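Coordinate-derived values only; no laboratory data. Quick caveat: nothing in here was measured; it's all calculated off a predicted structure. Methodologically, a virtual Cβ is constructed for each residue, glycine included, from the backbone with ideal geometry; neighbour enumeration extends over all protein chains shown.
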């Protein structure tokens with residue numbers, strides 16, 4: 001069993017301690033832990049946090065970072081993103097660009113991500129190679145392919161699932177699948193005991209067009225057809241009524257909030273304050289790199305705070321601890337991870353340096369992380385007890401090769 | 001004369017070139033420049049941009065980073081910030097905490113800043129020591145000190161002004177000074193040929209209370225008393241009417257937009273799209289570290305974009321090039337710097353690495369900087385032809401000593 005001792009590190013609640021990791025769990029937290037460990041990490045001047053989880057992304061879209069910004073939504077999608085996907089996306093592209101995403105995520109303190117894209121077998125391979133957790137969701141788009149054919153691929157993903165690389169059922173959206181297809185996807189998820197994630201209520205146009213077609217709003221509809229329960233995560237949830245917030249709460253469903261993508265695409269600002277007030281479980285995601293344009297969950301936390309405060313004109317409407325929970329505990333709850341900083345917890349751990357000038361002085365280390373830092377302040381990321389990023393490089397891959405391969409798709 | 005050759009670097013408009021700096025100016029931009037240079041900088045894999053200018057901050061407030069977040073405005077000010085200032089602020093505190101700010105700014109690509117605080121002689125010393133440009137503004141607060149006494153200190157600042165450390169006249173606000181005091185400050189600025197900066201229309205409470213007292217809105221009032229002209233910068237300008245936007249445009253005044261501070265304090269979102277549409281010169285600032293909580297102008301550009309797009313629900317309402325101009329050219333115009341990337345320009349230059357995973361692939365280097373990067377991607381900052389940050393450390397100071405001294409104020 002691997003063992004790592006992190007010495008003399010600041011914990012999120014202020015205390016300093018040593019943290020001993022044996023196998024994939026935290027064995028002990030205390031002052032001056034002795035005993036042999038394979039690796040000893042110097043935690044002085046650093047903050048230890050539980051791993052950040054990105055609950056909504058399309059990892060392979062790192063390849064499309066910066067290909068088109070600042071455009072009206074339809075022009076962006078139809079004139080740039082869809083054509084680029086049509087031309088570029090194949091298993092090789094997904095593999096190497098997802099590897100790039102995994103490298104970026106591990107370097108910025110993300111220990112797991114929920115993905116929704118194509119060729120998810122390659123996403124699972126990239127996760128295994130770099131040692132990051134994934135919930136791989138093969139996009140179910142009834143408008144493109146019969147749902148049962150997609151579900152066949154999901155079955156083969158399940159055959160290859162591992163401790164780190166798991167599977168999630170991801171029908172694209174209420175407009176990308178028929179009612180029958182959505183119900184079929186949900187039934188499949190239930191049969192296999194899997195979570196389900198679906199885009200919903202991302203922008204006003206979607207809601208308006210869907211209402212014209214069905215007379216119902218997206219979340220209301222998902223409830224009506226029986227897709228909404230405590231194994232369901234909706235991605236975005238920007239345009240929901242109070243009644244729909246009530247339905248999400250009642251169902252025990254989660255909302256993956258994607259503030260940067262929602263802002264950059266002009267979709268709007270999700271009612272996070274209202275979700276939390278009603279007790280809906282809100283998690284945090286970056287969405288893909290074509291609409292963000294990075295996978296930095298530290299920056300995502302800060303943007304979530306800025307948008308709510310600016311919108312509500314109230315600096316106290318959302319607090320740093322609350323978005324930090326969204327990026328950690330709230331995600332663990334939905335995904336079924338017993339991670340955290342306590343004895344016996346799964347050892348998904350991130351070491352953040354507080355030594356750089358922009359992180360000094362340290363009156364409140366967690367505030368410095370959320371309000372002053374970025375993913376670039378991460379100096380060690382451990383997933384499932386194994387150091388995946390050591391402050392210099394992501395250990396499972398040749399980072400230079402990944403960058404070269406990614407570049408190669410455009411030459 | 002010092003000379004630096006930056007080899008094989010990407011320019012913001014896509015081209016690759018060598019850039020030769022002789023003395024404090026760009027001597028030549030071209031392919032394969034030869035000739036002896038004191039320093040040769042390898043620009044491969046990097047983007048060269050003109051220096052970012054932070055047009056509104058209170059640099060010494062780095063010392064208050066994270067002392068109080070997420071609180072209602074009055075509780076934050078009266079319960080935390082003012083008491084901390086009363087207890088801590090003295091010349092020593094301002095000197096060391098401004099040094100920290102200068103180090104943070106140079107490390108994140110800022111080559112100049114407009115400051116408004118107390119003991120600005122110390123701010124000018126910190127600027128000289130680290131080699132960053134400053135426009136030092138001794139805060140004029142009629143409610144605390146007779147204006148002429150403050151102006152006496154401004155005169156002695158002027159006696160010590162240098163090429164890098166200049167002086168600006170900074171009456172605090174329309175509520176912190178009487179009409180007579182504001183007019184006196186403006187007259188003084190005119191006599192000395194100085195710029196004037198003043199906080200105005202930052203939040204709704206300020207505007208409401210000022211209207212109750214005077215029947216006028218802050219910007220309207222500044223116009224009425226003759227303080228608004230093309231040597232005036234207002235900081236914030238969040239709550240202005242169309243008529244006031246017209247007055248700012250007519251006067252040729254500038255607005256220093258501080259999106260992160262305005263968001264974090266719940267002040268709101270300034271009408272940047274409207275300002276630009278009417279042709280008002282908008283620049284960018286971070287405000288102090290108690291309300292931001294960093295001095296990272298790269299992140300500030302991104303937040304400016306996110307807030308406008310989210311508010312207007314329009315991804316095309318503000319573009320990356322426009323905020324990049326706000327952080328560079330628009331500031332140069334107001335401050336009278338002929339910086340930029342052209343032959344003969346003042347050599348305030350910043351080298352941004354595009355090599356990290358989150359900056360790859362490079363479809364559009366400027367997009368990667370604004371939408372994917374942060375100040376931590378800066379690997380060289382040059383001010384006035386001199387390398388002030390070399391990618392490892394800020395050369396003019398012992399960074400470790402600065403961090404120790406800053407910490408010492410709290411022990």
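Each of B:241, B:150 was scored by other Cβ atoms within 10 Å of its Cβ. Listed from fewest to most, they are B:241, B:150. Could you state the number of Å between the C-alpha centres of the range A:351-385 and the range A:15-62? Here the answer is 13 Å between Cα centres. Counting, for every residue in A:349-359, the Cβ atoms of other protein chains within 10 Å of its Cβ and taking the mean gives 5. Fewest-first ordering of A:225, B:132 by other beta carbons within 10 Å of each residue's beta carbon gives A:225, B:132.
If a spin label sat at a point 7 angstrom from the Cα of residue B:3 along the line to its beta carbon, the backbone N atoms of the range B:11-31 nearer than 17 Å would be those of B:18-31.
How much FRET efficiency would the formula 1/(1 + (r/R0)^6) give for residue A:274 and residue A:82, where r is the Cβ-Cβ distance and R0 is 41 Å, rounded to 0.05? The computed FRET efficiency comes out at 0.80. Return the inverse of the average 1/r over all pairs of distinct C-alpha atoms in the protein assembly as shown, which is the Kirkwood hydrodynamic radius, in Å to one decimal. Hydrodynamic radius (Kirkwood, Cα only) of the protein assembly as shown equals 27.3 Å. As a rough footprinting exposure proxy, the listed residues B:13, B:96, B:135 were ranked by other beta carbons within 10 Å of their own, and the order from fewest upward is B:13, B:96, B:135.
Copy-to-copy label distances for residue A:180, where each label lies 7 Å from Cα along Cα-to-Cβ, are 8.5 nm in order of increasing length. Note on residue B:338 and residue B:392: their simple-model spin labels are 3.6 nm apart, each label 7 Å out from Cα toward Cβ. Is the range B:59-335 best put as rounded, prolate or oblate by its Cα gyration tensor, with a ≥ b ≥ c the root eigenvalues, rounded for a/c under 1.5, and otherwise prolate when a/b is larger than b/c, oblate when not? Rounded, since a/c falls under 1.5. Inter-label distance, residue B:13 to residue B:400: 4.6 nm, where each label sits 7 Å from its Cα along the C-beta direction.
What gaps in nm, shortest first, separate residue B:146 from its twins in the other copies when you place the label 7 Å past Cα toward the beta carbon? Computed spacing set for this position: 9.3 nm. Mean separation of Cα pairs under 8 Å and 6 or more residues apart, divided by the residue count, gives chain A a relative contact order of 22 percent.
Per residue of A:392-403, other chain Cβ atoms within 10 Å of the residue Cβ number 1 on average. For residue B:230, the point set 7 Å out from Cα toward Cβ sits 6.7 nm from its twins in the other copies, listed from shortest up. Take each residue in A:363-373, count the other chain C-beta atoms within 10 Å of its C-beta, and the mean is 6.
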